[in-house]
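Peer 1: The structure is given below, and queries will be raised subsequently.
The values are calculated or read from the model by the stated rules, or taken from the named source; none is laboratory data. This one's a predicted model, so the numbers in the text were calculated from it and none came from an experiment. Neighbour counts are summed over all protein chains in view; Cβ atoms, including those assigned to glycine, are modelled from backbone coordinates with ideal geometry. Accessible surface is based on the protein model in full, side chains and every heavy atom, while ligands, DNA and RNA are left aside. Shrake-Rupley method; radii C 1.70, N 1.55, O 1.52, S 1.80 Å.
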Amino acid sequence: MVDGIPTLEDLGDVSGKRVLVRTDFNVPLNRHDDGTVEIADDFRIRAALPTIEWLVDHGASVVCASHLGRPKGEPNPEYSLDPVRARLGELAPGVELLENLRFDPGETSNSDEFTATLIDGIDLYVNDAFGASHRAHASIVGPPAHLPSAMGRLLEREVEVLLGLRNRPKRPFVAVLGGAKISDKLGVVEALLDVVDSLVIGGAMCFTFFAAQGKAIGDSLFEPDQVDTCRRILDASGDKIHLPEDLVGLDANGNFATWGTQLPDGAKGFDIGPGTAAAFTDVIMDARMVFWNGPMGMFEDDRFAAGTRTVAQAMADTKAFTVVGGGDSAAALAQFKLDDEVDHVSTGGGASLELLENGDLPGLAALRTAPNT
Ligand code: ADP
Ligand code: MG
């Protein structure tokens with residue numbers, strides 16, 4: 001058990017049992033003009049192997065189940081798991097894989113009928129799909145209501161690391177937040193302020209905070225309906241929050257420019273400036289634990305990648321325990337070839353934020369009340 005959640009060892013004797021493993025095989029695909037589809041990166045399939053191999057080595061037969069993309073509750077050959085099944089067959093011969101769970105509307109609506117079809121002929125359930133565990137979908141919360149259940153190795157590591165951050169922080173504990181979708185992340189900002197010593201804010205997220213401070217933000221990305229929330233957060237915890245002191249972007253004529261924190265009319269801020277990147281580096285270097293979610297700028301464009309690159313390098317260089325969550329943050333880290341230099345890269349963006357925010361996820365709660373607990 002880890003935090004009240006059963007692990008593979010808590011399943012008892014699995015020999016001769018048929019085990020349903022909820023995996024996250026939502027892999028990136030290359031679609032070719034001739035209609036063929038190829039897996040762009042099989043990382044998520046390989047990541048599930050420790051759990052699958054443990055079960056197979058202990059005599060179980062394994063049936064994997066996953067979603068892929070958003071096929072809207074009906075079969076759609078574009079989102080077939082056939083290419084994944086072929087790759088899985090090479091990596092783990094004899095392991096079965098069901099068709100895309102989201103071909104059935106009962107998956108997202110969490111219907112009892114769909115759960116019943118999933119567990120038909122199944123003895124045990126294992127959840128190894130961290131990236132889907134913040135959703136109360138049938139394949140996540142259905143089977144553990146009926147079958148002895150456990151989390152797989154990937155999920156176990158995520159829970160250990162992320163709940164460890166939240167519940168047993170080493171101080172100074174620093175959160176670095178950026179990215180574009182501020183309304184999705186403000187909840188976690190408020191929750192994190194209770195546990196972190198410093199909150200470093202970059203990316204497009206900073207402009208809604210600047211707007212709350214009455215600063216001129218030009219035409220930068222911001223969310224007007226979140227300004228009041230940002231003001232409330234600043235009033236309550238302003239001393240913990242580090243905002244940029246300089247910015248980089250495009251002026252009204254589309255020319256590359258650097259400013260302080262007041263932007264001229266028509267300017268768009270696309271990255272933190274060099275002074276900010278150095279200040280954020282200092283905070284990260286002095287920390288004992290760092291959680292980073294969301295790029296510091298529009299790093300996909302080389303002109304605006306420097307802030308994200310500098311923060312990524314600080315994550316690699318600091319002696320702190322470092323955790324990165326978020327699809328684009330992980331992609332940035334990989335682009336800079338620094339993904340091996342941090343302690344943990346979470347496989348779930350939304351799930352990692354929600355676990356930090358609430359200390360729990362629907363998928364974990366379901367495992368905690370499974371019949372074998
Ligand atoms: P994650 O996937 O790591 O959680 P988000 O999805 O919230 O991160 O945000 C990532 C996106 O934010 C990137 O595509 C990046 O280009 C964009 N972004 C970051 N800073 C800015 C900015 N100042 N202006 C516009 N877009 C930005
Ligand atoms: Mg993203």
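Peer 1: Taking Ile284 as meeting all but one of (1) more than 16 Å from ligand 2 (Cβ to nearest atom); (2) under 30 Å from Ala40 (Cα atoms); (3) part of a helix (DSSP H, G or I), write down the number of the exception.
Peer 2: Going through (1) more than 16 Å from ligand 2 (Cβ to nearest atom); (2) under 30 Å from Ala40 (Cα atoms); (3) part of a helix (DSSP H, G or I) one by one, Ile284 breaks only (2).
This table checks each residue for (1) on the phi > 0 side of the Ramachandran plot; (2) in contact with a helix residue (DSSP H, G or I) (Cβ under 8 Å, 6 or more places away or on another chain).
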| site | (1), (2) |
| --- | --- |
| Gly12 | yes, no |
| Arg18 | no, no |
| Ile39 | no, yes |
| Ser80 | no, no |
| Pro83 | no, no |
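Peer 1: Tell me, yes or no, whether segment 195-217 has at least one residue that is charged (D, E, K, R) and within 16 Å of ligand 2 (Cβ to nearest atom).
Peer 2: No - not one qualifying residue is present in segment 195-217.
Peer 1: Got at least one residue in segment 285-304 being of a type in the set (A, V, I, L, M), crowded, with 24+ Cβ neighbours inside 10 Å and either modelled with pLDDT under 95 or more than 12 Å from ligand 1 (Cβ to nearest atom) (or both)?
Peer 2: yes
Peer 1: A further question on this structure: Looking at segment 20-99, what strands (runs of 3 or more DSSP E) fall wholly within it and have at least 1 residues that are among the polar types (S, T, N, Q) and surrounded by fewer than 21 Cβ atoms within 10 Å (Cβ to Cβ)?
Peer 2: 29-31, 61-65
Peer 1: Considering only residues that are buried (at least 24 other Cβ atoms within 10 Å of the Cβ), away from ligand 2 (no atom under 16 Å from the Cβ) and within 17 Å of the chain's Cα centre (by Cα), which ones fall in segment 166-191?
Peer 2: Passing the criteria: only Ala175.
Peer 1: Looking at Gly142, Gly152, Gly202, which one is within 16 Å of ligand 1 (Cβ to nearest atom) and either surrounded by 23 or more Cβ atoms within 10 Å (Cβ to Cβ) or over 18 Å from the mean Cα position of the chain (by Cα) (or both)?
Peer 2: Gly202
This table checks each residue for (1) out of contact with any strand residue (DSSP E or B) (no Cβ under 7 Å at 6 or more places or on another chain); (2) aliphatic (A, V, I, L, M).
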position: Gly12; (1), (2): yes, no
position: Thr23; (1), (2): no, no
position: Asn26; (1), (2): yes, no
position: Arg46; (1), (2): yes, no
position: Ile52; (1), (2): no, yes
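Peer 1: Those residues that are among the small types (Gly, Ala, Ser) and either in contact with a Ser or Thr (Cβ under 7 Å, 6 or more places away or on another chain) or buried (at least 16 other Cβ atoms within 10 Å of the Cβ) (or both), I need them from segment 209-254; list them, please.
Peer 2: Ala211, Ala212, Gly218, Ser220, Ser237, Gly249
Peer 1: Continuing with the same structure: Among the listed residues Thr258, Thr318, which satisfies the condition of being open to solvent by 40 Å² or more (accessible area, probe 1.4 Å), β-branched (Val, Ile, Thr) and assigned by TED's automatic domain parsing to the domain that holds Gly350?
Peer 2: Only one candidate passes the filter, namely Thr258.
Peer 1: Right, something else. Scan segment 321-348 for residues that are open to solvent by 20 Å² or more (accessible area, probe 1.4 Å) and within 12 Å of ligand 2 (Cβ to nearest atom) and jot them down.
Peer 2: Gly327, Asp328, Ala330, Ala331
Peer 1: Let me ask something else. Got a sec? Which of Leu165, Leu147 is in contact with a strand residue (DSSP E or B) (Cβ under 8 Å, 6 or more places away or on another chain), away from ligand 1 (no atom under 16 Å from the Cβ) and outside any helix (DSSP H, G or I)?
Peer 2: Only one candidate passes the filter, namely Leu147.
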